Amino acid sequence: MTEQVQDHDGHDEDRRDFLYIATGAFAATIGAAAIWPFIDAWNPSADVLAQASTEVDLGAIEEGQSVTVVWRGKPVFIRHRTGTEISSADEPPDGLPDPQSDGDRVLKPEWLVVVGICTHLGCVPLGQKVGENRGEFGGWFCPCHGSHYDTSGRIRKGPAPRNLEVPEYAFLTDTSIRIG
Amino acid sequence: MLGRLQIAFVGLAAMVASPMVGAMAAEAGKAREPTELEWSFDGIFGQFDRAELQRGFHVFNQVCANCHSLEHIAYRHLSGIGLSEDEIKAIAAEVEVTDGPDEFGDNFQRPGRPSDPYRHPFDNEQQARAANGGALPPDLTLITKARPAGPDYVHAVLTGYGEAPPSEFEVTEGKDYNPYFKTWTIAMAEPLFEDAVEYADGTEASVDQMSRDVSAFLAWAAEPELERRKQTGFVVVAFLIILAGLLYASKRQMWAKLH
Amino acid sequence: MSAHSIETGSGGGLVKWIDSRLPIFSYMQKEYGEYPAPRNFNYWWNFGALAMFLLVTMIVTGLWLAMQYTPHVDLAFDSVQRIMRDVNSGWFIRLVHVNGGSFFFIVVYIHIFRGMYYGSFKAPRELLWMLGVIILLLMMATAFMGYVLPWGQLSFWGATVITNLFSAIPLVGDSIVTWLWGGFTVDNPTLNRFYALHFLLPFLIVGVVGLHVVALHVTGSNNPLGIEPKSQQDTVPFHPYYTVKDSFGLGVFLVIFAAVVFFAPDFFSEPENYEKADFLKTPEEIVPEWYFLPFFAILRSVPAIWFVEAKLAGVIAMFGSIFVLFALPWLDTAKVRSGKFRPIFRWFFLIFLVDCLLLGFVGGKPPNSPVFESIESFEFIDLGRITTAWYFIHFFIILPLLGRFERPLPLPDSISAAVLGSHSGGGPAASGATAKPMEKA
């Protein structure tokens, strides 16, 4: 390129440079656009997205009962809370590791929906089945490192840093929800 | 690279070769050539006609699906023919799907969901054959791609019943004569008759109309990416033509001082 | 050592620092910046760069397909459909890969015929040419195995028929076929090993392409006149002159390629392969991909010779038709490289080209049907025999004889004399007519 500068006058040079820059820019744009399909191909595909939301019929879950449903490959705990569970969740003490009111964690007080994965190191806490250890606060107990969750899924004791995650969900009818 | 004489030679070779192609057309198989129809999705601008696809799906769902599967289609894919989420849910919920195992290890029945695959009429190949006199109704997802004439072929077979076979041709007992089918003898009984389905949009359900609609629907089922493919193609080709033009100008500029 | 530490100071210094330890920058500068290329390449010389582009494209799209494909007989066909329907941009990536295969062969075949016409295989470029033939063989193996992966009817039956060719080998043939299959028919083990090899071979191709380029840069490129550059006047630096010319060629190629991918994606494919493989149902006609048709025609055309049965003879002829290319530098004995100066060779080159096209045509037709409607007795198998015979006659008789008896036209003094001569309207008689159009080809 430098050789050309020497044997041509400046005016000609400008026009030529413009052409080369325009061509290069155009080629670079097309090249960049061609990369997009390859990036996009790594995003969740349509069949994966189709499984991304799960509808659950709550009608069969009696008061005091819990069920586990699978959502995006993770367990989700749905508990039909009793009156005492609701009232005990409603009055948390001060100084929780991750303070949150029960009202912020449920859409309807009777129904608690949380992702059943301990926020410490990813174990699945106990407490879903009758007779399982529910920990000191009547919620869930993680056997891996001894984290205790209350009836709102909040961490009360043990090494876990945060409350059990509440997934995005909505009530479709009074007795059915869609998670995700 | 080549002189005039040589080009003439190639031309001569092409002329010699052309009757060979003609000879082949008459010879290839004995099934009758399907009539060429016009489809909305023909050509480089062609797109699907949503109303036609929905009518076609209606025919498929009511008639064809009793024997034929649509393996690569899930209910959720039907958004591609313009159905709304609620319509798809309702259609999916019409079928009972076996799911499981539940907590007791048993399989159970539940209404279908949009993410379920389109229903299979039979549990397995043996059951399908047993129900159809030994013949296996083929999967139809890719039928329009698997036949050279595409949707024309599907339409031709569906409307090709009722002719009297040639006098020397014997149709096997229990099967039908259909000159568009490769052996002329088809195990599928004539599937469509006047008003076999009732169209929601009030279109008259003639055999020809239903055949066209379901053929268009199967063309969509084989190639749901067709519209996006063509739309993307226009942009891509346009940009590439401009790029080629710019590169040509650059090349001319660059080489100008050498000449 | 102290000099090194100073070099690390600035950006340019970093380049120097790296280059004095690993000379990648000076290598690129020497081999692609300054590389003196004959100034008279025509557009037929673009196809090497196009082949390189397609090799990269095939590897990238192939890698992305491999991320979604399932090499199992029960799932392969479905996983391909899932790529077409559910994977984001999956249809685009797959259609580029599928059609890229066909375009790869188009480009490489043109590249090969260009080399044949302009004598690019002649001394001192014999090894360059032979490496090219190895690339062709590897490409064929890769393409064959790749076609099996979607597990359609032709995938399965094509694999069955081609692997069965090895049963032609006396004594051990059947054992070899069983060994290739990993079973008693083409089945899951076959699919798995073909998948592994289809993944591996392209990287071997990359390696051989590297050697091909090294060999090219040792001898320098041939050119349409077939005479070696004598002075600096005869060459131009590869960059920017041929980078921009190759880029323009690539631009034109991409327009055509994109038009097929987006508007006629099934142009090269057989409808039959959209049916899932069924080991109980042989398709009426098993036709290989179009780029194998000439070889398929040779395979079917050869009759039994003496004690060699027809199957074995066909296999030998088919492989022979490719391996004969290795011997081409010694079969073509002409002293002059370029067909431009070989008046009789030009005709025979053309006849050979038509012969190859006819072989391809015959390969796609049922052997026992008449070629012309009017002449019942002349069947495709007969046409196949004639064209097969001519293929070998061309190599073993025509080329050696031409080298001996043909009188070439006088060669120009130098490339620059031939190219620049036409500008002044004069120039040597031989090159005057061809010098200008060469550029446009």
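Among residues of the range C:393-420 that are over 22 Å from C:P329 (Cβ atoms), those with a beta-carbon under 6 Å from a residue that is among the basic types (K, R) and open to solvent by 20 Å² or more (accessible area, probe 1.4 Å) at least six positions away or on a different chain give the pairs C:S414/C:K230.
Considering only residues in the range B:241-259 that are over 12 Å from C:S247 (Cα atoms) and among the hydrophobic types (A, V, I, L, M, F, W, C), the one that is surrounded by the most Cβ atoms within 10 Å (Cβ to Cβ) turns out to be B:M254.
When the range B:32-79 is limited to residues that are part of a helix (DSSP H, G or I) and aromatic (F, W, Y), the one that is nearest to the other protein chains (Cβ to nearest Cβ) turns out to be B:Y75. Is one or more of the residues making up the range C:182-195 under 18 Å from C:N164 (Cα atoms), touching a residue at least 24 places away in the same chain (Cβ under 8 Å) and among the aromatic types (F, W, Y)? Checking the range C:182-195: at least one residue is under 18 Å from C:N164 (Cα atoms), touching a residue at least 24 places away in the same chain (Cβ under 8 Å) and among the aromatic types (F, W, Y). Can you find a residue in the range C:59-69 that is open to solvent by less than 60 Å² (accessible area, probe 1.4 Å), more than 30 Å from A:D47 (Cα to Cα) and β-branched (V, I, T)? No, there is no match, as no residue in the range C:59-69 is open to solvent by less than 60 Å² (accessible area, probe 1.4 Å), more than 30 Å from A:D47 (Cα to Cα) and β-branched (V, I, T). Taking each residue of the range A:11-36 that is more than 10 Å from every other protein chain (Cβ to nearest Cβ) and looking for partners that are in a helix (DSSP H, G or I) and open to solvent by less than 50 Å² (accessible area, probe 1.4 Å) with beta-carbon atoms closer than 9 Å, six or more apart or interchain, yields A:E13/A:Q4. Residues considered: C:T178, C:T185, C:T190. Of these, the only one that is outside any loop (DSSP other than H, G, I, E, B) and within 20 Å of C:D278 (Cβ to Cβ) is C:T190. Within the range B:236-250, the set of residues being more than 17 Å from C:Y43 (Cβ to Cβ) and touching a Gly at 6+ places or on another chain (Cβ under 7 Å) comprises B:L240, B:L243.
Per this entry, B:V171 is not counted among residues that are part of a loop (DSSP other than H, G, I, E, B), closer than 30 Å to C:D86 by Cβ and in the same structural domain as B:G133 (by TED's automatic domain parsing). Pairs linking a residue in the range B:117-144 that is closer than 21 Å to B:T183 by Cα and touching a residue at least 12 places away in the same chain (Cβ under 8 Å) to a residue that is among the charged types (D, E, K, R) and not in a loop (DSSP other than H, G, I, E, B), with Cβ atoms under 8 Å and 6 or more positions apart or on different chains, are B:A135/B:R129; B:D139/C:K276. For B:E103, state whether it is assigned to a loop (DSSP other than H, G, I, E, B), open to solvent by 30 Å² or more (accessible area, probe 1.4 Å) and touching a helix residue (DSSP H, G or I) at 6+ places or on another chain (Cβ under 8 Å). Criteria not met by B:E103.
If you take the residues in the range C:263-281 that are in contact (Cβ under 8 Å) with a residue 60 or more places away in the chain and outside any loop (DSSP other than H, G, I, E, B), which one is farthest from B:Q47 (Cα to Cα)? Step by step, filter the range C:263-281, then rank; the result is C:K276.
The set of residues in the range C:70-110 that are touching a residue at least 60 places away in the same chain (Cβ under 8 Å), within 12 Å of chain A (Cβ to nearest Cβ) and surrounded by fewer than 23 Cβ atoms within 10 Å (Cβ to Cβ) contains only C:L95.
Just wondering, is there one or more residues in the range B:215-231 that are touching a Phe, Trp or Tyr at 6+ places or on another chain (Cβ under 8 Å), assigned to a helix (DSSP H, G or I) and at the interface with chain C (Cβ under 7 Å from one of its Cβ atoms)? Yes, that holds for at least one residue.
Is one or more of the residues making up the range C:129-145 out of contact with any Leu (no Cβ under 8 Å at 6 or more places or on another chain) and within 14 Å of chain A (Cβ to nearest Cβ)? So far as the range C:129-145 goes, no, none of its residues is out of contact with any Leu (no Cβ under 8 Å at 6 or more places or on another chain) and within 14 Å of chain A (Cβ to nearest Cβ). For C:G115, the conditions (1) closer than 30 Å to C:I398 by Cβ; (2) open to solvent by 10 Å² or more (accessible area, probe 1.4 Å) all hold with the exception of (2). Between A:R178, A:R156, which is touching a strand residue (DSSP E or B) at 6+ places or on another chain (Cβ under 8 Å), within 18 Å of A:V69 (Cα to Cα) and outside any loop (DSSP other than H, G, I, E, B)? Exactly one of A:R178, A:R156 is touching a strand residue (DSSP E or B) at 6+ places or on another chain (Cβ under 8 Å), within 18 Å of A:V69 (Cα to Cα) and outside any loop (DSSP other than H, G, I, E, B), namely A:R178.
Mind counting the residues in the range A:126-148 that are part of a strand (DSSP E or B) and on the phi > 0 side of the Ramachandran plot?
Of the residues in the range A:126-148, 1 are part of a strand (DSSP E or B) and on the phi > 0 side of the Ramachandran plot.
Determine, yes or no, whether C:E284 is under 21 Å from C:F156 (Cβ atoms), outside any loop (DSSP other than H, G, I, E, B) and either within 12 Å of another protein chain (Cβ to nearest Cβ) or modelled with pLDDT of 95 or more (or both). When the stated conditions are applied, C:E284 does not pass them. Whether any residue in the range C:121-136 is at pLDDT below 95, of a type in the set (G, A, S) and open to solvent by 40 Å² or more (accessible area, probe 1.4 Å) is what I want to check. The answer is yes; a qualifying residue exists. Inspection of the range B:214-229 finds no residue satisfying the criterion of being open to solvent by less than 50 Å² (accessible area, probe 1.4 Å), at pLDDT 95 or above and more than 23 Å from B:D42 (Cβ to Cβ). Scan the range B:80-100 for residues that are touching a helix residue (DSSP H, G or I) at 6+ places or on another chain (Cβ under 8 Å), outside any helix (DSSP H, G or I) and open to solvent by 30 Å² or more (accessible area, probe 1.4 Å) and jot them down. The one that is touching a helix residue (DSSP H, G or I) at 6+ places or on another chain (Cβ under 8 Å), outside any helix (DSSP H, G or I) and open to solvent by 30 Å² or more (accessible area, probe 1.4 Å): B:G82. Evaluation of A:G95 against the conditions (1) closer than 20 Å to A:P161 by Cβ; (2) touching a strand residue (DSSP E or B) at 6+ places or on another chain (Cβ under 9 Å); (3) open to solvent by 70 Å² or more (accessible area, probe 1.4 Å) shows that the sole unmet condition is (2).
Yes/no per residue for (1) among the hydroxyl-bearing types (S, T, Y); (2) over 20 Å from C:F105 (Cα atoms); (3) surrounded by fewer than 16 Cβ atoms within 10 Å (Cβ to Cβ); (4) facing chain B (nearest Cβ under 9 Å):
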position	(1), (2), (3), (4)
C:A304	no, yes, yes, no
C:I322	no, no, yes, no
C:S338	yes, yes, no, no
C:P343	no, yes, yes, no
C:V354	no, no, no, yes
C:L357	no, no, no, yes
C:P366	no, yes, yes, yes
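Here B:D201, B:D152 are screened, and the one residue that is surrounded by fewer than 17 Cβ atoms within 10 Å (Cβ to Cβ) and either within 30 Å of B:D42 (Cβ to Cβ) or of a type in the set (S, T, Y) (or both) is B:D201.
Of everything in the range B:155-184 that is of a type in the set (G, A, S) and open to solvent by less than 20 Å² (accessible area, probe 1.4 Å), the residue that is nearest to the chain's Cα centre (by Cα) is B:A156. Comparison of C:L201, C:L225 shows that the only residue that is away from chain B (no Cβ under 14 Å) and open to solvent by less than 40 Å² (accessible area, probe 1.4 Å) is C:L201. Would the range B:11-22 turn up any residue that is modelled with pLDDT under 90, buried (at least 18 other Cβ atoms within 10 Å of the Cβ) and either assigned by TED's automatic domain parsing to the domain that holds B:T203 or of a type in the set (A, V, I, L, M, F, W, C) (or both)? Within the range B:11-22, one or more residues are modelled with pLDDT under 90, buried (at least 18 other Cβ atoms within 10 Å of the Cβ) and either assigned by TED's automatic domain parsing to the domain that holds B:T203 or of a type in the set (A, V, I, L, M, F, W, C) (or both).
The values are calculated or read from the model by the stated rules, or taken from the named source; none is laboratory data. Computed from a predicted model, the values in this text were never measured in an experiment. Neighbour counts are summed over all protein chains in view; Cβ atoms, including those assigned to glycine, are modelled from backbone coordinates with ideal geometry. The area values use the complete protein model at the heavy-atom level, side chains included, leaving out ligands, DNA and RNA. Shrake-Rupley method; radii C 1.70, N 1.55, O 1.52, S 1.80 Å.
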